[in-house]
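The values are calculated or read from the model by the stated rules, or taken from the named source; none is laboratory data. Model, not experiment: these values are computed from the prediction. Cβ placement follows ideal geometry from the backbone for every residue including glycine, while neighbour counts extend to all protein chains displayed.
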Amino acid sequence: MSDTQKPWNSPMPEPQFNLMRRILAAPSPVGLEAAMTYGVLKPHFEGFAPASWQLHQFKGHAGVVLDTHPGRDDLFKVMIIGHADKIRMQVRSIGEDGKIWINSDSFLPNVVIGHEVTLFSEDPEAPGSYRRIQGGTVEALGAIHFSEPAQRNGDKGIKKEQLYLELQIHGENKKQQVENLGVRPGDSILLDRPIRHGFSPDTFYGAYLDNGLGCFVTAEVARLIAEAGGTEQVRVMFAIASYEEIGRFGSRVLAGELEPDAIIAVDVNHDYVAAPGIGDRRMQPLEMGKGFTMSVGAIASEQLNRIIETTARKHDIPMQRDIVGVDTGTDGMAGVLAAVDCVATSIGFPIRNMHTISETGYTRDVLAAIHAITQTVQALDALPDPHREFLDHHPRLDQAGPLAHRGGDKPEKTVK
């Protein structure tokens, strides 16, 4: 395959970009993920999945799993996980002056001020039926004229308790007007910022790349595996989880129910090189535009990582190593949290401005992740016995050999 034929070396085709945009656009705040899982991904899966594949659905949450070999517990089971839940704001209380006081969840308070949002309100007269209220903005001070001097010069920030939703309510009985709309504490609020092509080639930006991108990658791997004729020795479970943003709870349930032998979580990562004020902390130099990332450390399996890295090198797919310490910070932890014996790792792609309205990514990094995972699944399927591969080949540091050269002997070699 020439460089020009490698998808990760080319711009993302517009139909594929539009699929990514539709997945990312689905309003799926924590606990209400079905807009993405049932509204977009379920019909998408049904559009290409062979008749023998099965879609698992769950009672306690809106996660879904597309299964290539339902019931075949004898096969080596690989679960690839993206999470559909988005961070959101929530209504906290309604003031007499019509202000809708809100919780900021995992947003920094200052990054949401002035931005347009949609409030999703459950109809008090018809529980389970939801309406959308648009035209509001998130505010905190009202105007610079009402701010303290320390806030004007940047010495003092905005507190999360100061945030409210401005619906331009005026006249008499302002609180009653809001309550007449059916707005109640607990209602979810999402930022209105669709995904757009960026200025720089092959970039894109908008809200909630975390983690519709992981769901998009998981879905594209499923499509590619289906188009390649499926697998023989490996049962692949393409999982779209819930509740990741509040503790990786949804993927823990999926792992507990389906007991995979291997987990590959797919989630966004940080561009540490571009992050302001981070370079001097000596973080790993992950960078947008340099390929997908692979977690090293925490519960990440060195055996699984070896197969991923070997596969990426074989196909010249650009890869970066991510050091994760004691916790991957992703659904890669699902197996150990669910007390399931499995190998696991986490695959990502560096983005900028995470948990803001202007998250930014690079399509070729996303394509690199899609094809690296696809090729890894196929490499696992080609093993003589995938089960014994991981049972018998744990790394042995007591068998480590001495270096046969000094570092200065290979000055041209760069270790990534």
Going through the stretch 95-144 in order, the residues found to be touching a residue at least 60 places away in the same chain (Cβ under 8 Å), over 18 Å from Pro29 (Cβ atoms) and among the small types (Gly, Ala, Ser) are Gly95, Gly98
Flagged in the stretch 270-302 as crowded, with 18+ Cβ neighbours inside 10 Å and over 15 Å from Gly348 (Cβ atoms), in numbering order, are Ile299, Ser301
Note on the stretch 1-42: residues modelled with pLDDT under 95 and of a type in the set (S, T, N, Q) are Ser2, Thr4, Gln5
Considering the stretch 202-260, residues that are surrounded by fewer than 24 Cβ atoms within 10 Å (Cβ to Cβ) and among the polar types (S, T, N, Q), and then whichever is farthest from Ile370 (Cα to Cα), we arrive at Gln233
When restricted to Gly212, Gly186, Gly154, Gly182, the only residue within 24 Å of Phe58 (Cα to Cα), not basic (Lys, Arg) and not assigned by TED's automatic domain parsing to the domain that holds Ile80 is Gly186
Within the stretch 40-54, restricting to residues that are free of Cβ contacts under 8 Å to residues at least 40 places away in the same chain and buried (at least 17 other Cβ atoms within 10 Å of the Cβ), the one that is farthest from Asp85 (Cα to Cα) is Lys42
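Considering Phe349, Phe390, which residue is among the aromatic types (Phe, Trp, Tyr), surrounded by 15 or more Cβ atoms within 10 Å (Cβ to Cβ) and more than 15 Å from the chain's Cα centre (by Cα)? So that I can check it myself, show each step before the final result.
Details: Phe349 fails: more than 15 Å from the chain's Cα centre (by Cα).
Answer to the selection: Phe390.
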Matching residues in the stretch 33-72 (of a type outside the set (D, E, K, R), over 12 Å from Gly250 (Cβ atoms) and touching a Phe, Trp or Tyr at 6+ places or on another chain (Cβ under 7 Å)) number 3
Restricted to the stretch 135-175 and to residues being among the polar types (S, T, N, Q) and over 20 Å from Asp97 (Cβ atoms), the residue farthest from the chain's Cα centre (by Cα) is Asn153
Scanning the stretch 263-298 residue by residue, those modelled with pLDDT under 95 and either in contact with a Phe, Trp or Tyr (Cβ under 8 Å, 6 or more places away or on another chain) or not assigned by TED's automatic domain parsing to the domain that holds Arg364 (or both) turn out to be Ile278, Gly279, Met283, Gln284, Pro285
Val64 passes all but one of the listed conditions (1) among the hydrophobic types (A, V, I, L, M, F, W, C); (2) buried (at least 20 other Cβ atoms within 10 Å of the Cβ); (3) under 30 Å from Gly157 (Cβ atoms); the exception is number (3)
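Being closer than 30 Å to Leu108 by Cβ, of a type outside the set (Ser, Thr, Tyr), outside any helix (DSSP H, G or I) and out of contact with any His (no Cβ under 6 Å at 6 or more places or on another chain) is true for just one of Gly332, Gly348. Which residue is that?
Numbers: Gly332 fails: outside any helix (DSSP H, G or I).
Gly348 is the lone residue from the list that is closer than 30 Å to Leu108 by Cβ, of a type outside the set (Ser, Thr, Tyr), outside any helix (DSSP H, G or I) and out of contact with any His (no Cβ under 6 Å at 6 or more places or on another chain).
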Of (1) modelled with pLDDT of 95 or more; (2) of a type outside the set (Phe, Trp, Tyr); (3) touching a Gly at 6+ places or on another chain (Cβ under 7 Å), Gly325 satisfies every one except (1)
